[in-house]
Amino acid sequence: MNISEPSISEPSNPEPSSPEISRPKPSGRVAMQQLLCAIREQLPVGAPEADLCQKICIGCPKKLMSYLEQEVNDWQRALDDGETPKLGDIRQLARAARKIHAVIEKNGLLMPQRSPVSRTLE
Ligand code: SF4
């Protein structure tokens, strides 16, 4: 999965029935969990400060990753506690992750093994 705005099923807003059989959309909980996994895979979550701080930075990767890690941890805790995120919550986090990914990439801080995966974000 890439860091994209997810398409989730909304129980309160069912889609009209269709004769075509389509793959069911993931629930908000599944979509958020997939997003959290994609963020952990594609961004340097948990990287030490020494790896994020450069002599010349574009933006502040350390602050951005700190913010994103806090969001990931908060949402993981919420999911573990049984909370169901709203579509807006997932979109907001996906948007923030994409913007932060762009800054991290500009700073040359994507790990080599993350680069091929990150191309799916463009
Ligand atoms: S701008 Fe941020 S990431 Fe860059 S050296 Fe300063 S604290 Fe570290």
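Quick notes on this structure:
- Scanning segment 52-67 for residues that are under 16 Å from residue 100 (Cα atoms) and more than 7 Å from the ligand (Cβ to nearest atom) turns up 58, 59, 64, 65, 66, 67.
- Single unsatisfied condition, residue 82 versus (1) at pLDDT below 95; (2) on the phi > 0 side of the Ramachandran plot: (1)
- Residue match in segment 82-91 (condition: among the aliphatic types (A, V, I, L, M), under 10 Å from the mean Cα position of the chain (by Cα) and more than 16 Å from the ligand (Cβ to nearest atom)): yes
- Segment 33-58: number of residues that are β-branched (Val, Ile, Thr) and over 29 Å from residue 85 (Cα atoms): 2
- Of all residues in segment 24-35 being at pLDDT 95 or above and out of contact with any Asp or Glu (no Cβ under 9 Å at 6 or more places or on another chain), the one that is surrounded by the fewest Cβ atoms within 10 Å (Cβ to Cβ): 30
- Restricting attention to segment 39-77, the residues being at positive phi and exposed (fewer than 12 other Cβ atoms within 10 Å of the Cβ) number 1.
- Considering residues of segment 22-46 that are assigned to a loop (DSSP other than H, G, I, E, B) and without any contact (Cβ under 8 Å) to a residue 40 or more places away in the chain only, the residue farthest from the ligand (Cβ to nearest atom): 22
The values are calculated or read from the model by the stated rules, or taken from the named source; none is laboratory data. On a predicted model such as this, the values are computed, not experimentally measured, just so you know. Cβ atoms come from the backbone with ideal geometry, glycine included; neighbour counts cover every protein chain shown.
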